[in-house]
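One structure is given here, and the rest of the page talks about it.
The values are calculated or read from the model by the stated rules, or taken from the named source; none is laboratory data. Bear in mind the structure is a predicted one, so any value in this text is a computation, not a measurement. Cβ sites come from the backbone with ideal geometry, for glycine too, and all protein chains shown count toward neighbours.
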Amino acid sequence: MRYSVKGGSPDKIVTDCLVVSIWANGRLSDEAKILDDKTKKLISVLVSGGDISGNLGETLIVHQPTGISAKRVLLAGAGDKKKFCADSAKKFIESIFKTCGKLKASSVHLSIGSCEPNDRDRNWVAAKI
(Lines give C-alpha, C1' and ligand atoms only; values in the text may rest on other atoms or scores of the structure.)
Protein backbone atom coordinates (compact mmCIF):
# COMPACT_ATOMS: atom_id res chain seq x y z
CA MET A 1 0.00 0.00 0.00
CA ARG A 2 1.23 3.49 -0.84
CA TYR A 3 0.86 6.28 1.69
CA SER A 4 1.19 9.95 0.78
CA VAL A 5 1.05 13.23 2.63
CA LYS A 6 0.99 16.32 0.45
CA GLY A 7 -0.83 19.57 -0.10
CA GLY A 8 -3.69 20.38 -2.39
CA SER A 9 -7.43 20.48 -2.12
CA PRO A 10 -8.65 17.16 -0.70
CA ASP A 11 -11.62 16.95 -3.06
CA LYS A 12 -9.28 16.69 -6.06
CA ILE A 13 -6.99 13.97 -4.71
CA VAL A 14 -7.22 10.69 -6.62
CA THR A 15 -6.73 7.84 -4.15
CA ASP A 16 -8.35 4.65 -2.92
CA CYS A 17 -8.78 6.17 0.53
CA LEU A 18 -8.60 9.80 1.63
CA VAL A 19 -8.21 10.46 5.36
CA VAL A 20 -9.58 13.61 7.01
CA SER A 21 -10.14 14.41 10.67
CA ILE A 22 -13.16 15.22 12.78
CA TRP A 23 -12.67 17.00 16.10
CA ALA A 24 -14.64 16.15 19.25
CA ASN A 25 -18.31 17.09 19.28
CA GLY A 26 -18.39 16.67 15.51
CA ARG A 27 -16.39 19.79 14.65
CA LEU A 28 -15.06 19.39 11.13
CA SER A 29 -11.40 19.99 10.36
CA ASP A 30 -10.57 22.39 7.53
CA GLU A 31 -10.09 19.44 5.16
CA ALA A 32 -13.36 17.80 6.24
CA LYS A 33 -15.20 21.10 5.64
CA ILE A 34 -14.00 21.13 2.03
CA LEU A 35 -15.17 17.55 1.50
CA ASP A 36 -18.46 18.28 3.26
CA ASP A 37 -19.12 21.12 0.82
CA LYS A 38 -18.20 19.03 -2.23
CA THR A 39 -20.27 16.01 -1.10
CA LYS A 40 -23.40 18.07 -0.46
CA LYS A 41 -23.04 17.97 3.35
CA LEU A 42 -22.56 14.18 3.57
CA ILE A 43 -20.11 14.48 6.47
CA SER A 44 -22.40 16.82 8.40
CA VAL A 45 -25.25 14.32 7.96
CA LEU A 46 -23.06 11.51 9.31
CA VAL A 47 -22.04 13.63 12.30
CA SER A 48 -25.57 14.81 13.10
CA GLY A 49 -26.86 11.25 12.69
CA GLY A 50 -24.41 10.00 15.31
CA ASP A 51 -22.32 7.86 12.95
CA ILE A 52 -19.15 9.64 14.10
CA SER A 53 -18.59 12.12 16.92
CA GLY A 54 -14.89 12.92 16.59
CA ASN A 55 -13.76 11.09 19.72
CA LEU A 56 -10.05 10.29 19.64
CA GLY A 57 -9.41 7.03 17.80
CA GLU A 58 -12.89 6.72 16.33
CA THR A 59 -13.05 6.01 12.58
CA LEU A 60 -15.73 5.75 9.91
CA ILE A 61 -15.25 4.72 6.29
CA VAL A 62 -17.45 6.36 3.66
CA HIS A 63 -17.60 4.33 0.45
CA GLN A 64 -17.93 5.92 -2.99
CA PRO A 65 -18.66 9.51 -1.95
CA THR A 66 -19.97 11.66 -4.79
CA GLY A 67 -18.48 15.00 -5.79
CA ILE A 68 -14.84 14.14 -4.99
CA SER A 69 -12.07 12.10 -6.62
CA ALA A 70 -11.34 9.62 -3.80
CA LYS A 71 -12.95 6.16 -3.85
CA ARG A 72 -13.36 6.17 -0.06
CA VAL A 73 -13.05 8.68 2.75
CA LEU A 74 -11.86 7.69 6.20
CA LEU A 75 -13.20 10.07 8.83
CA ALA A 76 -10.82 9.89 11.78
CA GLY A 77 -11.68 11.19 15.24
CA ALA A 78 -8.99 13.52 16.58
CA GLY A 79 -10.58 14.30 19.97
CA ASP A 80 -10.59 17.67 21.71
CA LYS A 81 -8.74 20.22 19.57
CA LYS A 82 -7.59 22.22 22.62
CA LYS A 83 -6.07 19.08 24.16
CA PHE A 84 -4.58 17.67 20.94
CA CYS A 85 -1.00 16.92 21.99
CA ALA A 86 1.76 14.48 21.01
CA ASP A 87 0.08 11.59 22.85
CA SER A 88 -3.23 12.36 21.15
CA ALA A 89 -1.52 12.56 17.77
CA LYS A 90 0.07 9.13 18.27
CA LYS A 91 -3.31 7.56 19.08
CA PHE A 92 -4.90 9.41 16.16
CA ILE A 93 -2.27 8.17 13.70
CA GLU A 94 -2.42 4.62 15.10
CA SER A 95 -6.20 4.51 14.61
CA ILE A 96 -5.79 5.66 11.01
CA PHE A 97 -3.23 3.01 10.15
CA LYS A 98 -5.14 0.28 11.98
CA THR A 99 -8.26 1.04 9.94
CA CYS A 100 -6.39 1.54 6.66
CA GLY A 101 -4.59 -1.78 7.17
CA LYS A 102 -7.94 -3.56 6.92
CA LEU A 103 -8.84 -1.95 3.59
CA LYS A 104 -8.12 -3.37 0.19
CA ALA A 105 -6.63 -0.08 -0.91
CA SER A 106 -3.50 0.37 -2.98
CA SER A 107 -3.20 4.04 -2.03
CA VAL A 108 -4.07 6.12 1.02
CA HIS A 109 -3.75 9.90 1.23
CA LEU A 110 -3.63 11.65 4.60
CA SER A 111 -5.16 15.11 4.39
CA ILE A 112 -4.62 16.01 8.03
CA GLY A 113 -2.63 19.24 7.84
CA SER A 114 -4.91 20.97 10.34
CA CYS A 115 -4.11 18.34 13.00
CA GLU A 116 -1.00 19.84 14.50
CA PRO A 117 -0.38 18.93 18.16
CA ASN A 118 -0.20 21.88 20.51
CA ASP A 119 3.17 20.68 21.85
CA ARG A 120 4.84 19.65 18.57
CA ASP A 121 5.12 20.88 14.99
CA ARG A 122 4.10 19.38 11.64
CA ASN A 123 7.57 17.97 11.08
CA TRP A 124 7.13 15.85 14.20
CA VAL A 125 3.78 14.57 12.89
CA ALA A 126 5.32 13.74 9.51
CA ALA A 127 8.10 11.78 11.21
CA LYS A 128 5.53 9.75 13.17
CA ILE A 129 3.74 8.81 9.98
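List of remarks:
- Qualifying residues in segment 60-74 (those that are in contact (Cβ under 8 Å) with a residue 24 or more places away in the chain and β-branched (Val, Ile, Thr)) - the one farthest from ASP16 (Cα to Cα): THR66
- Candidate set: segment 76-85, residues that are of a type outside the set (Asp, Glu) and over 19 Å from GLY8 (Cβ atoms); chosen: the one surrounded by the most Cβ atoms within 10 Å (Cβ to Cβ): ALA78
- Residue list for segment 77-129, restricted to those being closer than 22 Å to GLY50 by Cβ and touching an Asp or Glu at 6+ places or on another chain (Cβ under 8 Å): GLY77, SER95
- Here ALA70, ALA78 are screened, and the one residue that is out of contact with any His (no Cβ under 8 Å at 6 or more places or on another chain) and either among the basic types (Lys, Arg) or at pLDDT 95 or above (or both) is ALA78.
- Annotation note: of SER107, SER88, SER48, the sole residue that is of a type in the set (Gly, Ala, Ser) and closer than 19 Å to GLY8 by Cβ is SER107.
- For segment 14-36, a residue qualifies if it is surrounded by fewer than 15 Cβ atoms within 10 Å (Cβ to Cβ) and farther than 18 Å from LEU110 by Cβ, and exactly one does: ASN25.
- All of (1) farther than 20 Å from LYS41 by Cα; (2) modelled with pLDDT of 95 or more; (3) surrounded by fewer than 16 Cβ atoms within 10 Å (Cβ to Cβ) hold for LEU56 with one exception: (3).
- Candidate set: segment 64-75, residues that are closer than 15 Å to HIS109 by Cα and out of contact with any helix residue (DSSP H, G or I) (no Cβ under 9 Å at 6 or more places or on another chain); chosen: the one surrounded by the fewest Cβ atoms within 10 Å (Cβ to Cβ): LYS71
- Residues of segment 92-112 that are surrounded by fewer than 18 Cβ atoms within 10 Å (Cβ to Cβ), in a loop (DSSP other than H, G, I, E, B) and not aliphatic (A, V, I, L, M): GLY101, LYS102, LYS104, SER106.
- Qualifying residue in segment 42-59 (condition: in contact (Cβ under 8 Å) with a residue 24 or more places away in the chain, in contact with a strand residue (DSSP E or B) (Cβ under 9 Å, 6 or more places away or on another chain) and part of a strand (DSSP E or B)): yes
- Restricting segment 13-35 to residues that are part of a loop (DSSP other than H, G, I, E, B) and more than 22 Å from LYS98 (Cβ to Cβ) leaves a set whose member that is farthest from the chain's Cα centre (by Cα) is VAL14.
- Filter pass, LYS33 being of a type in the set (Lys, Arg), touching a helix residue (DSSP H, G or I) at 6+ places or on another chain (Cβ under 7 Å) and modelled with pLDDT of 95 or more: no
- Hits in segment 60-71 (condition: of a type in the set (Val, Ile, Thr) and in a loop (DSSP other than H, G, I, E, B)): THR66, ILE68
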